[in-house]
Each structure stands twice: as structure tokens, then as C-alpha cells.
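The values are calculated or read from the model by the stated rules, or taken from the named source; none is laboratory data. The shown structure was predicted, so the numbers you read here are calculated from the model rather than taken from an experiment. Don't worry about glycine lacking a Cβ; one is built from the backbone with ideal geometry, like all the others, and counts go over all protein chains shown.
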């Protein structure tokens with residue numbers, strides 16, 4: 001499916017992320033590990049936030065209405081908490097974008113990754 005806007009792509013990705021979080025929660029519960037607090041989902045798109053928290057559906061967002069209701073349901077139940085994180089603080093950028101070497105090294109360090117091929 002082709003997204004009609006970057007906000008739609010981000011929103012659909014957020015909905016898929018929520019599904020993955022719910023799946024992980026079920027796995028943890030099967031292992032007798034209980035999650036006592038809401039699960040944090042971080043995002044870096046202000047349009048996504050506006051769509052999520054705006055109770056009015058506009059013509060421009062009809063195509064993501066199902067995802068919107070799904071995410072709102074999880075927010076209202078207290079299972080999920082959505083927080084904004086700026087793009088330059090987003091650790092996932094190391095996997096999705098070409099970065100300057102300094103920023104790349106910062107994120108590698110932040111993720112605890114090591115170069116197994118570098119001399120000790």
C-alpha cells in the first residue's frame with residue numbers, strides 16, 4: 001500500500017508498533033512476567049500526535065481512521081503511553097538514515113554496540 005502522506009506512513013507504523021508491543025506483552029505474561037505500568041511508545045512526528053489526540057476526524061484522515069481508533073482505544077485503556085522524541089534523539093535513526101560519523105558513533109555507543117572487527 002502506498003501512503004498518501006508522511007503522516008499516514010508514520011501513523012500506520014505507529015499502529016504496527018502498538019501491535020508488536022501487545023504481542024510482546026502477551027509473551028511476557030505467558031512467561032509469568034507482569035507489566036504493571038503503561039508501555040511507552042516513542043514517536044518523532046508532530047502530525048501523528050495531532051491526529052492521535054484530535055477527537056475530530058477530518059476528510060484528510062479518513063483513510064487512517066481504523067488505525068486511529070485502535071491506538072486511541074489502547075491509550076484510553078491505560079495500556080499505552082505515547083511520548084514525543086525529537087528526530088535527532090531517535091536512536092532508530094542509526095538503522096534508517098545516513099548519519100554523520102560523529103552522530104553515528106554517539107548512537108552506536110548509546111545502543112551499547114561494539115565493533116567486533118576493530119583492533120582491541
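If the condition is being at pLDDT below 75 and under 18 Å from residue 85 (Cβ atoms), then region 1-18 contributes 6, 7. Looking across region 78-102, the residues that are part of a strand (DSSP E or B) and surrounded by 13 or more Cβ atoms within 10 Å (Cβ to Cβ) come down to 80, 81, 82.
The lone criterion from (1) closer than 25 Å to residue 91 by Cα; (2) modelled with pLDDT of 85 or more; (3) surrounded by fewer than 16 Cβ atoms within 10 Å (Cβ to Cβ) left unmet by residue 31 is number (1). Tallying residues that are buried (at least 18 other Cβ atoms within 10 Å of the Cβ) and at pLDDT below 80 within region 61-77 yields 4. Scanning region 34-52 for residues that are surrounded by 10 or more Cβ atoms within 10 Å (Cβ to Cβ) and under 19 Å from residue 76 (Cα atoms) returns 35, 38, 39, 40, 41, 42, 43, 48, 49, 50, 51, 52.
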